[in-house]
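First the structure, in the form of structure tokens, and then the observations on it.
The values are calculated or read from the model by the stated rules, or taken from the named source; none is laboratory data. What you are looking at is a predicted structure, and each value in this text was computed from that prediction instead of being measured. We place every Cβ from the backbone using ideal geometry, glycine too, and count neighbours over all the protein chains shown.
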Amino acid sequence: MKFLFDIGDYVVLMYQAFKKPDKGRVFMRQLLMDFRSYGTDSIGIVAIISVFTGAIIAIQTAYNMDNPLLSMKLVGFSTRQMMILEFSPTIISLILAGKVGSSIASEIGTMRVTEQIDALKVMGINPANYLILPKITAAMIYNPILIIFSIFLGLSGGYAACHFTGLVPTPAYVEGLRSWFEPFTINYALIKTVVFAFIIASVSGYKGYTVKGGSVEVGRASTKAVVISSILIIFFDLILTQMLLT
């Protein structure tokens, strides 16, 4: 029963959050602040993980291609497909769920236990709209940019690995990147990213908004937000893959 209550509470909160902002200028100011806090500050970790993962994928693929009948351009093709279809949209979103999701839950949860949210209500402000909507909007706009950035760096990391290790000739790797390309795979990755961004921001905002108690409960809410967001990302990854690729 608690599970059903949480779902209903979540839906009601999202209904309140997605109402038209009272002041567009205030909303834009919050949105720009969230761009910096949850988007720009994540570029570093996304870049490092993407470069090294792309290099690892290329090296492992080349190492396991011991059949001389297989073309070495398959290394570039495999690296591209793995980065676009699964690693960048899904794994990076899981990482952002830990970094961004915990930050959102902690920020809003702290405002809840220190009664700042109650103060907003007294002033006639819709707290859900003021606090959660800019974060959801920022995540759904900025996360696809991070994913495109991740794909580019991952493929560049694979190129660098092929160049410095000599396992695969770089012309063959580049040819593999260009071979059998379907533009829909990019759309598929971006669709997944937008859905995952909404899950991260909305679930984390809900867990922070509904926290009760003190600082210990805020920490627990932050952990629960990351866990629930990660589970939902994997679950919807399966659903979207079934819907879009079959």
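Pick from 239, 200, 191: which is of a type outside the set (S, T, N, Q) and without any contact (Cβ under 8 Å) to a residue 40 or more places away in the chain? So that I can check it myself, show each step before the final result.
On the way: 200 fails: without any contact (Cβ under 8 Å) to a residue 40 or more places away in the chain; 191 fails: without any contact (Cβ under 8 Å) to a residue 40 or more places away in the chain.
After ruling out the rest, the residue left standing is 239.
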Among residues belonging to the range 101-110 that are surrounded by fewer than 21 Cβ atoms within 10 Å (Cβ to Cβ) and of a type outside the set (Gly, Ala, Ser), point out the one that is farthest from residue 33 (Cα to Cα). 110
Among the residues of the range 45-101, count how many are within 23 Å of residue 190 (Cα to Cα), in contact with a helix residue (DSSP H, G or I) (Cβ under 7 Å, 6 or more places away or on another chain) and of a type in the set (Val, Ile, Thr). 12
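Pick out, from the range 101-195, the helices (runs of 4 or more DSSP H) lying fully within it that include 2 or more residues that are among the β-branched types (Val, Ile, Thr) and out of contact with any Phe, Trp or Tyr (no Cβ under 9 Å at 6 or more places or on another chain).
102-113, 133-165
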The number of residues in the range 156-203 that are touching a Lys or Arg at 6+ places or on another chain (Cβ under 6 Å) and modelled with pLDDT of 90 or more is 1
Of all residues in the range 150-171, which are surrounded by fewer than 17 Cβ atoms within 10 Å (Cβ to Cβ) and either in contact with a Cys (Cβ under 8 Å, 6 or more places away or on another chain) or within 17 Å of residue 92 (Cα to Cα) (or both)? 152, 156, 169, 170
In the range 41-97, anything over 22 Å from residue 195 (Cα atoms), at pLDDT 90 or above and among the polar types (S, T, N, Q) is listed as 53
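Can you name the residue in the range 126-136 that is buried (at least 21 other Cβ atoms within 10 Å of the Cβ), over 11 Å from residue 202 (Cβ atoms) and out of contact with any Lys or Arg (no Cβ under 7 Å at 6 or more places or on another chain) and, of all such residues, is modelled with the highest pLDDT?
Filtering the range 126-136 down to residues buried (at least 21 other Cβ atoms within 10 Å of the Cβ) leaves 127-128, 131-136.
Of the ones still in play, those that are also over 11 Å from residue 202 (Cβ atoms) are 127, 131, 134.
In the following step, the residues that additionally are out of contact with any Lys or Arg (no Cβ under 7 Å at 6 or more places or on another chain) were identified as 131, 134.
Details: 131: 85, 134: 89.
The selected residue is 134.
Which ones in the range 112-136 are in contact (Cβ under 8 Å) with a residue 40 or more places away in the chain and under 22 Å from residue 216 (Cβ atoms)? Outline the logic, then answer.
Kept after step one, since they are in contact (Cβ under 8 Å) with a residue 40 or more places away in the chain, are these residues of the range 112-136: 112-113, 117, 125-136.
Answer for the range 112-136, where residues must be in contact (Cβ under 8 Å) with a residue 40 or more places away in the chain and under 22 Å from residue 216 (Cβ atoms): 112, 113, 117, 131.
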I'm told residue 206 meets every condition in (1) part of a loop (DSSP other than H, G, I, E, B); (2) aromatic (Phe, Trp, Tyr); (3) crowded, with 19+ Cβ neighbours inside 10 Å except one. Can you identify the failing condition by its number? (1)
